[in-house]
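Below: the structure, in structure tokens.
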Amino acid sequence: MHIFIFEDGFDIPKVQRAMTDNSAVGAVASFTGLMRDVNQGQTIQQLYLDHYPAMTEAVLSEIASSASERWPVLDVAIAHRVGTAVVGDVLVYVEVRSMHRQDAFDACNYIMDVLKTRAPFWKKERTANGEHWVEPRQSDTEALNKW
Amino acid sequence: MRILFFGRLSDELGRREMHVDVDASSINALLLHVCETLGRDAAASLYCDDVSVAVDQTLQADRDAAVLAGAKEVAFFPPVTGG
């Protein structure tokens, strides 16, 4: 299990190098979240990601452990960006390795759903009209119901 | 005790952290002291229904429970929006 917080840029190869290359691995599923140029109809110029450093790693570890208890995964990595990001930047990367694909897909999906509602990150967007903190989406909370 | 504010609260309160020296046993008792120090606008922000509280990095749902004995850090924050 591997947790990364990137303050300056995102290094996906570094995350992948940390993962087990155990010969039992038959499936690798990953999710990469990027910064979009438009959110809720507004053009986003820049994004600032605040977080609670003392709590972030612990919560991400708990989420990875929870996924490992639910599915027979062989390794899990969760990486998240903090600080200032621009359009196209990677904001989050999750990778799960397991023997079979469905476990890797499901664990990856679960991790993202839980991360969106539990991990202590806060986004602040800059638009032509100024800056504002992003409000949580009801759909993110509802997504948890399927687990 | 170190008090931390994240997300929109850091902007609304104009600070990310403060230190208090108060003998409060519950979060609500601590809030009274913090709001006395920061003023009425701070109360509107900190008593907002969607604000969560973590004591030494553990979320606390009961603001009247005696959870502050020996606590070093209390954090207030709005709903998370990462990912």
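For A:Val114, the conditions (1) open to solvent by 30 Å² or more (accessible area, probe 1.4 Å); (2) of a type outside the set (Ser, Thr, Tyr); (3) within 13 Å of chain B (Cβ to nearest Cβ) are fulfilled apart from (1). Sub-7 Å Cβ pairs linking a first residue in region A:131-147 that is within 12 Å of chain B (Cβ to nearest Cβ) to a second residue that is small (Gly, Ala, Ser) and open to solvent by 100 Å² or more (accessible area, probe 1.4 Å), at least 6 apart or interchain, number zero. Return the residue satisfying two criteria in turn: it lies in region B:28-40 and is more than 22 Å from B:Ala65 (Cβ to Cβ) and in a helix (DSSP H, G or I), and of such residues it is modelled with the lowest pLDDT. Here the residue is B:Arg40.
Which of the following residues is assigned to a strand (DSSP E or B) and open to solvent by 30 Å² or more (accessible area, probe 1.4 Å): A:Ser23, A:Ser30?
Working: A:Ser23 fails: assigned to a strand (DSSP E or B).
After applying the criteria, what remains is A:Ser30.
Against the conditions (1) farther than 14 Å from B:Val55 by Cα; (2) touching an Asp or Glu at 6+ places or on another chain (Cβ under 8 Å), B:Met1 satisfies every one except (1).
Hey, among B:Ser10, B:Ser52, B:Ser45, B:Ser25, which residue is without any contact (Cβ under 8 Å) to a residue 12 or more places away in the chain and surrounded by 14 or more Cβ atoms within 10 Å (Cβ to Cβ)?
Values: B:Ser52 fails: without any contact (Cβ under 8 Å) to a residue 12 or more places away in the chain; B:Ser45 fails: without any contact (Cβ under 8 Å) to a residue 12 or more places away in the chain; B:Ser25 fails: without any contact (Cβ under 8 Å) to a residue 12 or more places away in the chain.
Step by step, each of B:Ser10, B:Ser52, B:Ser45, B:Ser25 is checked, and only B:Ser10 is without any contact (Cβ under 8 Å) to a residue 12 or more places away in the chain and surrounded by 14 or more Cβ atoms within 10 Å (Cβ to Cβ).
If the condition is being part of a strand (DSSP E or B), under 14 Å from A:Glu7 (Cα atoms), within 12 Å of another protein chain (Cβ to nearest Cβ) and not small (Gly, Ala, Ser), then region A:68-89 contributes A:His80, A:Arg81.
Considered as a group, the residues in region B:41-66 that are in a loop (DSSP other than H, G, I, E, B) and within 16 Å of A:Ala54 (Cα to Cα) include one that is nearest to the other protein chains (Cβ to nearest Cβ), and that residue is B:Gln57. The single condition among (1) open to solvent by 20 Å² or more (accessible area, probe 1.4 Å); (2) more than 29 Å from A:Arg101 (Cβ to Cβ) that A:Ser66 does not satisfy is (2). For A:Ser98, the conditions (1) crowded, with 21+ Cβ neighbours inside 10 Å; (2) within 12 Å of chain B (Cβ to nearest Cβ); (3) among the polar types (S, T, N, Q) are fulfilled apart from (2).
The values are calculated or read from the model by the stated rules, or taken from the named source; none is laboratory data. What you see is a predicted model; the values in this text were computed from it and never measured. All Cβ positions, glycine included, derive from the backbone under ideal geometry; neighbour counts span all protein chains shown. Just so you know, the surface numbers come from the protein's heavy atoms only, side chains and all, with ligands and any DNA or RNA stripped out. Shrake-Rupley method; radii C 1.70, N 1.55, O 1.52, S 1.80 Å.
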